[in-house]
Structures are given as C-alpha cells and as structure tokens.
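First comes the structure, then the notes that go with it.
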Amino acid sequence: MSYKISLAGDLGSGKSTVSAIVTERTELEYYSTGAILRSVAAAHNMTVAEVNEYAETHPEIDREIDDGLIALSDDPRSLIIDSRMAWHFVKGNFPVYLTTEPEVAAARIFAAHRSEESFPTVEETAENIRRRRKSEQKRYFEKYGVDRSDLSNYRLVIDTTFATPEEVAEKMLSSFAAWKRDPDFSATYICPLRLHYRTTSDADKVSALARALDDGEDIGECEVFFENEGFYVTSGTEIALAYALSDYPFVPCTLVKGSRGKDEYVRMTDSL
C-alpha cells in the first residue's frame, strides 16, 4: 500500500532539508513543486516572488502544477510531496505544515544564497517573504477558496524555529506512524521558546511537572491559538514552562481558536 505525506509550510521552514532526512529513513520518494516553480523562475529570468505575482494573471502556471498534483492521487509510489497545495489536491494524504518565525526564516533563506531568492540583506529577504506570502494567499483564495495558512487544514503542525531538522523529521515520522494506525490522529508541536503566555505561573507546579516529565510521565498538553505569526497559550502555561525548563525541543499543543484582544502576553524566551 502506498502513502502520501503532503508537506506545506512557511518559507524558510526547512521543508526540503527535512524531506531529505525523511526520504533517507523511509521508502518515501520526494516530489517538489517548489523545484518546478524555481525552474520556471530561472527560465523567465524572474525571482520566485515575481513568478508568483505573474501567476496571478497567468493561470496556466498554476494549472500545470495543479494537474501534476491531482495525478499524484493515483500514483503507486509512496511520496513526500513538498507543495503548498498538495494537502488540497492529493487524495488520502497526511497533511503536514512546518511553521517558523519570519525573522528566522529570512536569516535561513539569506544564508542559503539561492540564485533565484538572493537579496543583499536579511531585511530585503524578509520583505520578499512577505511579498510571496501575500501573493500566494491572494492567489490560492481566489482560485480555490482556501486559506492555506489556516493551520486547521493540517493533521500535523510542527514549529521548526528552535528545533534541528533531525528533531523535526523524527517528530514527523512518529506522527506519520500514528496516523497510519489511526486516520483521525492530529497533533501540534511548538518550540517552547516561541510561545507567548498571559498569566502568571505557579513555580512549584512548574518544577513538579518538569520532574515528572524528566521521569518519563505524560504531563498533558497546553492549548494555543495562532495569530499574526505567533502562538499564544490559552491554558496549560505551567505545562509549556515545564517543557522549556527541561529543555525539550517541542511542547505538545492543541490548536484552538482565539485572539489576543487587549490581553498582554509575555514571550516565553524572555521569562526563562
């Protein structure tokens, strides 16, 4: 039986690097629409951002990519599909999203020195990321009526901001195995230092939870909502702090709907 993992994510979140690790450890083959898009950009002497903007009025570019994705539903191979829209087009896939803070993403892309995404400064790279995100959001919503950045579209969300590619790949593979056993499986793993929380915490409770965690106990999950590139804890602050205190790469979370409103939040990395 063949399986498909659809891998979407923020620019600079490490999708290609993580995919390489996953393919090395499994029978999955790699398929990338990003590579196709970059080749189109090079052929037209454009940046990827310019091709995205060009595609807003030239649907043949998206149609070519989308037709290829639809055909993958019947492909007998087991694949990891690095694509922003495979979760929407490929039947029966395990949809994964990798998320990363914009500043970290810009630094990664800047350091990679890709010819079609090369800019003189990290700041200009960040601006290019914003342009591409805005263009893609507009295009995908107008064409398909979907918001690809809505994290509820995915069975697995992993934050790669402060995690190594190996840690991300390991979490993806263990979650993929769980999904194969239970198609209703879903999970969210956020790096503790990326979280924001608004309430004071009980230091004794945090210490007790950290000790339990170090002893291998399951201490539960915290609830978070996603807004303007940030993850905000609505409940389970002590759980998140315990994971941070014990130097774990991820906090298991449940995604809920929410908004900051007028509430003041503290960045976890600033309070440890």
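Screening E101 on (1) free of Cβ contacts under 8 Å to residues at least 24 places away in the same chain; (2) surrounded by 15 or more Cβ atoms within 10 Å (Cβ to Cβ); (3) among the acidic types (D, E) shows it passes everything except condition (1). In region 128-139, the count of residues that are surrounded by 16 or more Cβ atoms within 10 Å (Cβ to Cβ), of a type outside the set (A, V, I, L, M), under 15 Å from the mean Cα position of the chain (by Cα) and over 24 Å from V40 (Cβ atoms) is zero.
One residue stands out in region 175-229 among those that are within 29 Å of R130 (Cα to Cα) and of a type in the set (D, E, K, R): the one that is farthest from the chain's Cα centre (by Cα), namely R198. Counting the residues of region 225-251 that are touching a Pro at 6+ places or on another chain (Cβ under 8 Å) and polar (S, T, N, Q) gives 0. State which residue is surrounded by the most Cβ atoms within 10 Å (Cβ to Cβ) when the search covers only region 160-174 and only residues that are part of a helix (DSSP H, G or I), under 14 Å from the mean Cα position of the chain (by Cα) and of a type outside the set (D, E). Applying the filter and picking the extreme gives V168.
Residues in region 109-125 that are crowded, with 18+ Cβ neighbours inside 10 Å and at pLDDT 80 or above: 2 in all.
Here I21 passes the criteria (1) at pLDDT 90 or above; (2) in contact with a strand residue (DSSP E or B) (Cβ under 9 Å, 6 or more places away or on another chain); (3) assigned to a helix (DSSP H, G or I); (4) not acidic (D, E) except the one numbered (2).
The C-beta contact set for region 3-25 (first residue farther than 20 Å from R148 by Cα and free of Cβ contacts under 8 Å to residues at least 60 places away in the same chain, second residue of a type outside the set (F, W, Y) and outside any helix (DSSP H, G or I), distance under 9 angstrom, 6+ apart or interchain) comprises T23/E29; T23/I80. Say whether the condition of being crowded, with 18+ Cβ neighbours inside 10 Å and part of a loop (DSSP other than H, G, I, E, B) is met by at least one residue in region 251-271. The answer is no, given that none of the residues of region 251-271 is crowded, with 18+ Cβ neighbours inside 10 Å and part of a loop (DSSP other than H, G, I, E, B).
Run down A8, A41 and say which single residue is more than 14 Å from L173 (Cβ to Cβ) and not in a helix (DSSP H, G or I).
Checking each option against the conditions leaves just A8.
Among residues of region 180-198 that are at negative phi and surrounded by fewer than 20 Cβ atoms within 10 Å (Cβ to Cβ), those with a Cβ under 8 angstrom from a residue that is hydroxyl-bearing (S, T, Y) and assigned to a strand (DSSP E or B), sequence gap 6+ or separate chain, pair up as R198/Y232. On the given criteria, is E238 assigned to a helix (DSSP H, G or I) and under 24 Å from K171 (Cα atoms)? Against the criterion (assigned to a helix (DSSP H, G or I) and under 24 Å from K171 (Cα atoms)), E238 qualifies.
Look at region 216-230: where a residue is outside the structural domain of K205 (by TED's automatic domain parsing) and touching a residue at least 60 places away in the same chain (Cβ under 8 Å), no partner that is surrounded by 14 or more Cβ atoms within 10 Å (Cβ to Cβ) and not in a strand (DSSP E or B) sits 6+ places away or on another chain with Cβ atoms under 9 Å.
Scan region 142-159 residue by residue and report those that are among the hydrophobic types (A, V, I, L, M, F, W, C), surrounded by fewer than 21 Cβ atoms within 10 Å (Cβ to Cβ) and either not assigned by TED's automatic domain parsing to the domain that holds S13 or not in a loop (DSSP other than H, G, I, E, B) (or both).
L151
Residue-level check: of (1) outside any helix (DSSP H, G or I); (2) surrounded by 20 or more Cβ atoms within 10 Å (Cβ to Cβ), D218 misses just (2). Only one entry in G68, G92 is of a type outside the set (S, T, N, Q) and either modelled with pLDDT of 90 or more or not in a helix (DSSP H, G or I) (or both), namely G92. When V206, V168 are checked against the criterion of being among the hydrophobic types (A, V, I, L, M, F, W, C) and closer than 24 Å to S13 by Cβ, a single residue qualifies: V168.
The values are calculated or read from the model by the stated rules, or taken from the named source; none is laboratory data. Keep in mind the model is a prediction, meaning the values are calculated, not measured. FYI the Cβ positions are ideal-geometry reconstructions off the backbone, even for glycines, and counts take in every protein chain you see.
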